[in-house]
Amino acid sequence: MPSAWTFILPRFDDLPPSDVALNRLIAFSNRFDPTALLERLWGIGYAAKASETWLGHWHAFQAGEATPVSAVTLLFTLHYDIVSGANLYRVEAPGVNFHQWLVAGLRRTTRRQVAPIAEKVEAVVCARLHVINRKVHHAQHDAVAA
């Protein structure tokens, strides 16, 4: 069993489509379940914080608000909702359901988190290539001079 500290966020390509079947959504939720991490971080207040997090997301969904930007809490809420069976006792209006809303939030959040990282990696790679090219140029110049 992996450590709570080895939790990995899903990549954008790992996210399920908005029309995903429940069994595939459950598999996704189990694969990217941050519960162990949050249990460790929240400690003794885990149960209250878990309920508060789920309820906060549920109220935001009902009010038609945008999803929060924390991928970890969105993943947690999805998993908590599926595992606790909370989805069995609520009534949703026709249209987008709570799970679809959470996944849509994950899509937006994952895009926001990946783009800056990709830009930083690209900048570092370009800077390193520039240094390497300068070293190669100087080595070639020194070889010709010798």
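The values are calculated or read from the model by the stated rules, or taken from the named source; none is laboratory data. What you are looking at is a predicted structure, and each value in this text was computed from that prediction instead of being measured. Cβ sites come from the backbone with ideal geometry, for glycine too, and all protein chains shown count toward neighbours. Surface accessibility is based on the protein's heavy atoms, side chains included, excluding ligands, DNA and RNA. Shrake-Rupley method; radii C 1.70, N 1.55, O 1.52, S 1.80 Å.
A few comments on the model shown:
- Among the residues of segment 43-72, those that are part of a loop (DSSP other than H, G, I, E, B) and of a type in the set (G, A, S) comprise A63, G64, A66, S70.
- Check on A66, aliphatic (A, V, I, L, M) and open to solvent by 20 Å² or more (accessible area, probe 1.4 Å): yes
- Matching residues, segment 30-39, being open to solvent by less than 20 Å² (accessible area, probe 1.4 Å) and assigned to a helix (DSSP H, G or I): L38
- Residue in segment 40-54 that is charged (D, E, K, R), open to solvent by 90 Å² or more (accessible area, probe 1.4 Å) and in contact with a helix residue (DSSP H, G or I) (Cβ under 6 Å, 6 or more places away or on another chain) present: yes
- When residues of segment 8-29 are limited to those that are touching a residue at least 40 places away in the same chain (Cβ under 8 Å) and more than 18 Å from F98 (Cβ to Cβ), the one surrounded by the fewest Cβ atoms within 10 Å (Cβ to Cβ): R11
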